[in-house]
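Worksheet for the structure shown next.
Taken together, the values in this text are just the output of simple stated rules run on the coordinates, not laboratory data. Please read all numbers here as calculations on a predicted model, not as lab measurements. For neighbour counting, all protein chains shown are included, and Cβ atoms are generated from backbone atoms with ideal geometry for every residue, glycine included.
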Amino acid sequence: MPLYSPRFWSIITCSLALLAGGCDSGPKFKSTDITGADYGKSLDLTDHNGKPRKLEDFRGKVVIVFFGFTHCPDFCPTTLAELAQAIKTLGPDAERVQVLFVSVDPERDTRDALAKYVPAFDPRFLGLYGDMEATRRVAKEFKIYFEKRKNGDSYQVDHSAQSYVIDPQGRLRLFVRHDRISSDLPDDLKTLLSEKS
């Protein structure tokens, strides 16, 4: 079965919903509701300004977490551009959303590289990085696959392409497919921002 076939995504979506205990109650989202999932609870990395960061730093905001790397030729720049556009639709509420781009390429994604790359999509976005051990730890916490692949004299990094959305109370709520950001995320963000704590 091809990695990005509709059947593949249908299986992933259904499995995640079941793992989270179903989505019958509460708000109706366009993205996959994974409220109650027992992962995606922590990260311990450094942002592109050199500041140590944990998820707790962003309490009170909706947080979108996406894993990628600055040399990525396709999913990463497209996803970041679509995230920026989705957040613009919120108007003043955009200030209540924080995008975190977590690097899966600690060898090349230095603080300087991330500082040039990530804010180019939106100055509010933060690039996060760590050494390989810290990167593996946070990838495991969010169930993200990544693997370095030789490509001529250089390399690429194969990686999971989904985004996760965390609510202002720090709870993992949504799994967003990379090809559904533009269509699903703006409405889902409005729903989350309108929730009572």
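Data table
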read-out: Electrostatic dipole magnitude of the stretch 64-197 [Cβ: Lys, Arg +1; Asp, Glu -1; Cα centre; debye, to 20]; value: 240 debye
read-out: Kirkwood Rh in Å, taken over all unlike Cα pairs in the stretch 67-167; value: 14.2 Å
read-out: Out-of-range pairs (alpha-carbon distance over 20 Å; input 61/196; 28/143; 51/88); value: 28/143; 51/88
read-out: Residue with peak Gaussian network fluctuation, the chain [Cα springs, cutoff 10 Å], from 100, 90, 80; value: 90
read-out: Antiparallel content of DSSP bridges confined to the stretch 51-169, in %, to 5; value: 50 percent
read-out: Paramagnetic reach from residue 151 (point 7 Å along Cα→Cβ, amide N under 12 Å) across the stretch 75-104; value: 75-77
read-out: Förster radius 30 Å - calculated FRET efficiency between residue 28 and residue 54, Cβ distance, rounded to 0.05; value: 0.45
read-out: Inter-part distance where the stretch 85-111 and the stretch 125-170 are each reduced to a Cα centre, Å; value: 14 Å
read-out: Distance-filtered residues of the stretch 50-64 - backbone nitrogen under 13 Å, label point 7 angstrom along residue 115 Cα→Cβ; value: 50-51
read-out: Ellipsoid semi-axes in whole angstrom, largest first, where each is sqrt(5λ) of the Cα gyration tensor of the chain; value: 25, 20, 16
read-out: Area projected by the alpha carbon convex hull of the stretch 154-197, averaged over all directions, nm²; value: 4.1 nm²
read-out: Of 139, 34, 128, farthest towards positive along the dipole that unit charges on Lys, Arg, Asp, Glu beta carbons give the chain; value: 34
